[in-house]
Structures are given as structure tokens and as C-alpha cells.
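To start, the structure under review is shown below, and the notes come after it.
The values are calculated or read from the model by the stated rules, or taken from the named source; none is laboratory data. The structure displayed is predicted, hence computed values, not measured ones. Note that we place each Cβ from the backbone using ideal geometry, even for glycine, and neighbour counts take in every protein chain shown.
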Amino acid sequence: MAHDLVTFGEAMIRLSPPGFRRLEQARSLDLQVGGAELNTAVATARLGRSTAWISRLPDNPLGRLVANHGREAGVDTSGVIYSKDDRLGLYFLEFGAAPRASSVLYDRKGSAIAAIQPGMIPWEKVFQGTRWFHVTGITPALSASAAATTREAMQAAKNAKVRVSMDLNYRNKLWSTAEAGKCLADLMQFCDVLVTTEEDVEKVFGITGKDYEEVAAKVAEKFRLDVVAITLRENPLVWKNTWTAMAFHQGQVYKTREFEVEIVDRLGAGDSFVAGFIHGSLNGDIQKGLDWGVATSAIKHSIPGDFAWVRPEEVESLLKGGGLRISR
């Protein structure tokens, strides 16, 4: 089945103590499902696009729980492969409030996706009729075989003339900047669109500039990318930020409005930016992609969990200047 978007990567169960408790205080844990690439597939599906998520899950109730959540949100999970012997990754999220930042504790070693090998996924079949393929820098950080499979997937997408994007998403709890830089620089040859932050570009590629525009231009030139998008978050408070983004495309800088966001849950916000950007620019409109990316992710900040339970009408209303009066 043809899809507007296919994504590939890990999803985990997220466990959080309620009421801003620390993990050491916890007596109960709230369960959510999340993972960067699945989050993006969900948010893009919610905006009305046909999406699929490719991964490897354990063939047990936890693996099926993850797939069920993806399907519930409108994502095709029929391309997921299942393992009899591996486990599902977990992560624990501790919500903070100023001056204590929120924090994540991973328990994902030995997960089913980390044991994925090149040749396990029939990429040529996956990409038949597909318009866009998205990955992040998280998947190749999981294991050498996951990195090799990510490369295999990106190369297959490129061969199939599918547009390829990557969210750099550097995670220092998974690998060093040197390891990330070597691997991700190699993967850039298969990439058309890079989504990142100024901080991650410096850590992974060692690229700096006097402003965001110069950084984006340098990255685009170095790796011959069609589009570089940089999300911009100002952090005056843990639960209140200013959020926007910019994009660089063929020598032109694109900007959009800023949103002041009250944060209920910021996890998945970057993934929902990618979703809005893909939705808006599938037909080549970079400005629409940037506008929809920032607006979709601004709304996501107000929604608990990793998934962006957003409707396209909400995004359109926000872009037209929708207010905060009760909708009734």
C-alpha cells in the first residue's frame, strides 16, 4: 500500500510518576507509548496523511501494546516485524519544575530493534508508492546493526526516488559526539531534508556560525542538502517556552511566527514539528511546511504523552490567530 510517509525506528513504553513526583517517591506510574519516528508517523496521520511505521518489536503483550497504540492513532503497522526472544525498551520520565529540569532514565538495552539486521525489512517493497521517508539519529545510536539497517533503508529510499528526511536528535546517553559525527555524516549522502537544533549541529558535526541562518547554510553546503530546518526554543521556565523555527532552502531563509507555549508535556514536540513540516511541504511549499511544523508542535506542548493528538482544523485556526477562549 502506498503511503505519504514511512518512518523507521524504535518505540518504547514511557513510565512517569504522577504529580511531579521523583522516581524514588513513586507508588504508581502513568503509561504512555512513544518513540521519535512513531510520534512523527502519528502526528502526520492526524493531519490527514497516510503513514506507516516500520520497526521490530517483541512478540509479547508489550510489543503488541505499542503496535496497537500506533494503529489506534491511524498509523499502518503492518510492516513491523516481531521477535520471539528480545525485549521492549522502557524509559522513565520524571517531570520537573523550575529550578529542577525534567529528566529521562532509559532502560532499553537489548531491545528488539537494537538487534535488527540489514536484510530483515523488504525496503524495496516498503517504498513502492511512498512519497517521503523519515528517520532520526536515535536509531543508528542503538547498535551497529541498527546503524547499518538505517543506512540500508535510507539508500533504498534514495534509489526509489523517495524524499528522505532525518531529525538529527543527538542523545548523549546513547553514544559519544565522535561516534555520532562519524555515522551521521555518512548518512547525510542519502538525506534531502535535515531537521535539527543549533546545539546538535555543533555537537555532532562541529559546525558553528554567527547565527542560525549561517549554521543552516553551512550544513546545507557541506552535505548538499535541499533543506535544513532548525527549531528554536527559548527556555525562560521549565513549563513556559517561546517556540519557533527557521528553514534554509537553496540559498533562501524562511521564518515563521513565534508561539509562547505553556508546557503540559514537551516530549514529542520536535517530532510533531517534523510531522507538520512534512505535511506542509509534501508538495514543495517550504513556507507552508515551516508554518505547519511550528503550529502543530506548539499545540503538541499542551497535550500529555508523546503523541500529538492534533487535528488539522486546530492548526489552521492557530495559524489564523485563534485565541484562548473556551471553544463551545
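Taken across segment 288-310, residues that are within 26 Å of V215 (Cβ to Cβ), in a loop (DSSP other than H, G, I, E, B) and either out of contact with any helix residue (DSSP H, G or I) (no Cβ under 6 Å at 6 or more places or on another chain) or not aromatic (F, W, Y) (or both) do occur, with at least one present. Scanning segment 265-297 for residues that are over 16 Å from D167 (Cα atoms) and of a type in the set (F, W, Y) yields one hit, W292. All conditions but one from (1) at pLDDT 95 or above; (2) more than 23 Å from A180 (Cα to Cα) apply to P236; the one that does not is (1).
K161 falls short on exactly one of the conditions (1) farther than 25 Å from A43 by Cβ; (2) out of contact with any strand residue (DSSP E or B) (no Cβ under 7 Å at 6 or more places or on another chain), and that condition is (1).
For R171, the conditions (1) under 23 Å from S102 (Cβ atoms); (2) modelled with pLDDT of 95 or more; (3) not aliphatic (A, V, I, L, M) are fulfilled apart from (2). Considering only residues in segment 247-261 that are surrounded by fewer than 19 Cβ atoms within 10 Å (Cβ to Cβ) and of a type in the set (A, V, I, L, M, F, W, C), the one that is nearest to F273 (Cα to Cα) turns out to be F259. Beta carbons closer than 8 Å, at least 6 apart along the sequence or on distinct chains, pair a first residue in segment 38-62 that is touching a residue at least 40 places away in the same chain (Cβ under 8 Å) with a second that is among the aromatic types (F, W, Y) and part of a helix (DSSP H, G or I) for L47/W292. Could you pull out every one of the strands (runs of 3 or more DSSP E) wholly within segment 30-98 that has 3 or more residues that are surrounded by 22 or more Cβ atoms within 10 Å (Cβ to Cβ) and of a type outside the set (S, T, N, Q)? Strands (runs of 3 or more DSSP E) meeting the threshold: 51-54.
Which ones in segment 242-274 are more than 19 Å from the chain's Cα centre (by Cα) and of a type in the set (S, T, N, Q)? Once the filter is applied, which keeps residues that are more than 19 Å from the chain's Cα centre (by Cα) and of a type in the set (S, T, N, Q), segment 242-274 yields T242, Q250, Q252, T256.
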